[in-house]
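The values are calculated or read from the model by the stated rules, or taken from the named source; none is laboratory data. The model shown is predicted, which means the values in this text are computed figures rather than measured ones. Note that each Cβ is placed from the backbone with ideal geometry, even for glycine, and that neighbours are counted across all protein chains shown.
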């Protein structure tokens, strides 16, 4: 796919992996709309790359619909969607308090919230973007569009306390091939990246010794992944017309231990 002059939507594009991808796309001449709830950061990235910021909550049909309408009115129908919006937490399925012996289980409303953002939010954006792509004529390559999703190595190596996060990311992996098959006849490709331990704002806010230990746990290279490295793989998935229906780990060969 020749991306120059096309339009892209990047969810979670205000920071981290999404911001790096938005910058990489813009550098290739793509018109980029950023969907995010971090208004100040999102507007700053959009201004930097000459793109558009849209305040979007991926858990809301109305908000996502409004975001796509705003982006399409300003930049045209997107041919590229990169889903980076997501969140996580660490709560055990059930546990006993060390202080008073009280037994608690994972709050189901919190579990549902993680699923709604990471899994349902991703699919919501896929379905609505794909419907828009179907209104456009095929490009010279025969393609109508390309979609890249973000899962996590936790989809395969979920750690203690990651039950909701791992389930949500495993769901993203699980939907990749059937969605790719659903859309293949209309020239829309779908792939998913499973990042390992990356330099994201959430992680870099941890104490230095924690960040250093995490980097040292990676077989090679012994450091955290850089958002630009995620963006490079996303670009390859978008530009390479034979890349379809794949889930690819990007992790320095790490396999996560239980904790």
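Miscellaneous remarks
- Qualifying residue in region 218-235 (condition: within 24 Å of residue 27 (Cβ to Cβ), within 16 Å of the chain's Cα centre (by Cα), at pLDDT 95 or above and not in a helix (DSSP H, G or I)): yes
- Counting residues in region 106-122 that are crowded, with 16+ Cβ neighbours inside 10 Å, more than 26 Å from residue 89 (Cα to Cα), at pLDDT 95 or above and under 17 Å from the mean Cα position of the chain (by Cα) gives zero.
- Residues that are in contact (Cβ under 8 Å) with a residue 40 or more places away in the chain, more than 18 Å from residue 145 (Cα to Cα) and crowded, with 16+ Cβ neighbours inside 10 Å do occur in region 91-100, at least one of them.
- All positions within region 1-23 that are assigned to a helix (DSSP H, G or I) and surrounded by 24 or more Cβ atoms within 10 Å (Cβ to Cβ): 17, 18, 19, 20, 21, 22
- Filter result for the condition that a residue is at pLDDT 95 or above, closer than 28 Å to residue 162 by Cβ and surrounded by fewer than 24 Cβ atoms within 10 Å (Cβ to Cβ), over 38, 43: 38
- Residue match in region 53-73 (condition: farther than 16 Å from residue 9 by Cα, in contact with a helix residue (DSSP H, G or I) (Cβ under 9 Å, 6 or more places away or on another chain) and free of Cβ contacts under 8 Å to residues at least 12 places away in the same chain): yes
- Residue 162, sole failed condition from (1) surrounded by fewer than 20 Cβ atoms within 10 Å (Cβ to Cβ); (2) more than 30 Å from residue 78 (Cα to Cα): (1)
- Hits in region 24-52 - residues which are touching a strand residue (DSSP E or B) at 6+ places or on another chain (Cβ under 6 Å), under 24 Å from residue 188 (Cα atoms) and either assigned to a helix (DSSP H, G or I) or without any contact (Cβ under 8 Å) to a residue 24 or more places away in the chain (or both): 25, 26, 52
- Restricted to region 173-194, and to residues there that are touching a helix residue (DSSP H, G or I) at 6+ places or on another chain (Cβ under 6 Å) and touching a residue at least 60 places away in the same chain (Cβ under 8 Å), the residue that is nearest to residue 237 (Cα to Cα) is 190.
- Looking across region 130-161, the residues that are touching a helix residue (DSSP H, G or I) at 6+ places or on another chain (Cβ under 7 Å) and either assigned to a helix (DSSP H, G or I) or modelled with pLDDT under 95 (or both) come down to 130, 132, 154, 155, 158.
- Note on region 80-96: among residues that are touching a strand residue (DSSP E or B) at 6+ places or on another chain (Cβ under 7 Å) and in a loop (DSSP other than H, G, I, E, B), the one that is farthest from residue 231 (Cα to Cα) is 93.
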